[in-house]
Amino acid sequence: MDPIVDLDFIDNRTPEQAAAAASCDTKVTAETNTGKTRKLYIESYGCQMNFSDSEIVSSIMHEQGFDTTAQIEHADVVFLNTCSIREKAETTVRNRLGQINYFKKKKPEMVIGILGCMAERLKKSLLEEEKIVDLVVGPDAYRDLPNLINEVDGGQKAVNVLLSREETYADINPIRLNSNGVSAFISIMRGCDNMCSFCVVPFTRGRERSRDAHSIVKEAEALVAQGYKEVTLLGQNVDSYKWASEDGTEQVNFAQLLEMVAKLSPMLRVRFSTSHPKDITDEVLYTMKKYDNICKYIHLPAQSGNSRVLELMSRTYDRAWYLNRVDAIRAILGEECGISSDMIAGFCTETEEEHQDTLSLMDYVQYDYSYMFFYSERPGTLAARKLVDDIPLEVKKRRLAEIIEKQRECSLNRNKLDVGKVHRVLVENFSKKSDQQLSGRNDQNKVVIFDKKHYKKGDYVNVLVNDCSVGTLFGEAVD
Ligand code: SAH
Ligand code: SF4
Ligand code: F3S
């Protein structure tokens, strides 16, 4: 997988082309055809939590008489499940609404709904700002969709952006929309209590709450029964997962939950995301070590390598703490454990020396890959209220380019270490370039491409890696 970067792109497609094709970091619903009378089209933006929520929304809408469609022009209802994390994420959605207007003009009865984080952040003002929107629904209000759709059917606009302290949608059986039938996401918690000063998520997703451990295990069990080979447990901060039964007799932390899921089947790979450096425990690392089917890969966002900047970011750890956690990963799980990060370039008041600390942290950790962004001020956050967004855009972009360049170096170093070794690869699909080749991922979440031979999607294949690029390993299946 190539590192995801937050650089602008120029859209020079015709309105028809642009309206028909969602942008590259967007997921569109797959087609379901169960004889329902109305059609729903959903596009999801942002993080995996949002993609996972779209599967919950589809399930709720299915009960209400909707099949999903992958073609917007066939839709009676169009939902954009939106992200607010950076300004550009919101601009993308607004541009997309402009394109969708093209379809609405042809089919005026088409209902347009904004779901997710942008709905929560902007609330009913979205209805005034974007005239084509009929429906605004926040991440904790999806159970109310049937009522809201009824209101819209009755000719009104509808809004529900109430956040909840309890909602986890534990009992809703998601409709797997974009799944390759091999790997699926399971939300284990919602919201975030961390209040990092740059981040809008606590405002858009509300307080942190953990889902009933047994409902998570049941969902994983059902996936195994359907032939899935990999689950990813999702939360903004999985290490603070904590669930207790109502009578308090049973308590489950994240390490214990991981173990419960890993025990379901040795053939089921278990992944998780995201780990917060302040919370990841040695208990989690030892649980990972104990089970071969828990993938040796940790997404451990640093955000910055400088302690003063980390403090301004309210990350509640400093550089030394972060490096201690990395050392613990290396000591317990070894050099081969994959580690990835998120980095923000040009946070408020960051000096050149402090930026250099981020680069030197990357040198030390040798991340397998990173998601890299320049700082984008978000209204209402602590940073927006208390700090000055004083790094000029060109400086932010230059620092980001240096971080990206450093990551390319690290990725290539790490990938070179994989050459000459046999990797267990779970096949997910054909390679993008040829249907004579398969694409899968190894334990460390790296994409591995190899000749198909007699192998197929869903197989575990031992692949001898003989070459690599910055983003991919190449090899040959060995029996
Ligand atoms: N819960 C995860 C992060 C979720 S948001 C964690 O704590 O690591 C995903 C990433 O977006 C963050 O890690 C951060 O790198 C980036 N991000 C969040 N807010 C941002 C902002 N205002 N500007 C730029 N990047 C931001
Ligand atoms: Fe945002 Fe911080 Fe929560 Fe991650 S941990 S979602 S960065 S507030
Ligand atoms: Fe975006 Fe909301 Fe996820 S702001 S990153 S979709 S939690």
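Of Lys104/Lys157; Lys36/Lys104; Lys124/Lys397; Lys107/Lys131, which sit over 25 Å apart, Cα to Cα?
Checking Cα-Cα distances, Lys124/Lys397 exceed 25 Å.
I need the peptides 76-86, 455-465 ranked by packing, meaning the mean over residues of other C-beta atoms within 10 angstrom, with the highest value on top.
Descending mean neighbour count gives 76-86, 455-465.
Leaving out ligands and nucleic acids, note down the accessible area per residue over the stretch 22-160 with a 1.4 angstrom probe, in whole Å².
Accessible surface, normalised per residue, equals 38 Å².
Which of the peptides 438-448, 87-97 is most tightly packed, and how do the rest follow, judged by the mean count of other Cβ atoms within 10 Å per residue?
438-448, 87-97
Quick query: amide H of Thr68 versus all other amide H atoms, modeled in the peptide plane; which residues come in under 5 Å with a sequence gap of 5 or more or a different chain?
Under 5 Å from the amide H of Thr68: Thr32, Leu40.
Can you work out ³J(HN,Hα) from phi for every residue in the stretch 191-198, in order, using Karplus 6.51 cos²θ - 1.76 cosθ + 1.60 and θ = phi - 60°, giving whole Hz and x for Gly and Pro?
Values, residue by residue: x, 7, 9, 7, 6, 4, 5, 8 Hz.
Within the stretch 22-160, what whole-number % of the accessible surface is contributed by carbon and sulfur, with the 1.4 Å probe and all protein chains included in the calculation?
Heavy-atom surface of the stretch 22-160 belonging to carbon and sulfur, 1.4 Å probe: 49 percent.
If the only charges are +1 at each Lys and Arg Cβ and -1 at each Asp and Glu Cβ, what is the size of the charge dipole of the chain around the Cα centre, to the nearest 20 debye?
Dipole magnitude for the chain comes out near 640 debye.
Quick check: Cα centre of the stretch 301-362 to Cα centre of the stretch 62-93, how many Å?
About 35 Å separates the Cα centre of the stretch 301-362 from the one of the stretch 62-93.
Give me the percent of accessible area attributable to carbon and sulfur for the stretch 183-418, probe 1.4 angstrom.
It is 53 percent, rounded to a whole number.
When DSSP beta bridges are limited to those with both residues in the chain, what percentage is antiparallel, rounded to the nearest 5?
In the chain, approximately 35 percent of DSSP beta bridges are antiparallel ones.
Which order do the peptides 162-174, 273-285 come out in when sorted by mean C-beta neighbours inside 10 angstrom, highest first?
Descending mean neighbour count gives 273-285, 162-174.
For a quick check: with amide H placed at 1.01 Å from N, whose amide H comes under 5 Å from Asp443's, ignoring anything fewer than 5 positions away on the same chain?
Arg424
The values are calculated or read from the model by the stated rules, or taken from the named source; none is laboratory data. All of these numbers come straight from a predicted model, not from anything done at the bench. Here the Cβ is made from the backbone with ideal geometry for all residues, glycine too, and neighbour counts use every protein chain on show. The area values use the complete protein model at the heavy-atom level, side chains included, leaving out ligands, DNA and RNA. Shrake-Rupley method; radii C 1.70, N 1.55, O 1.52, S 1.80 Å.
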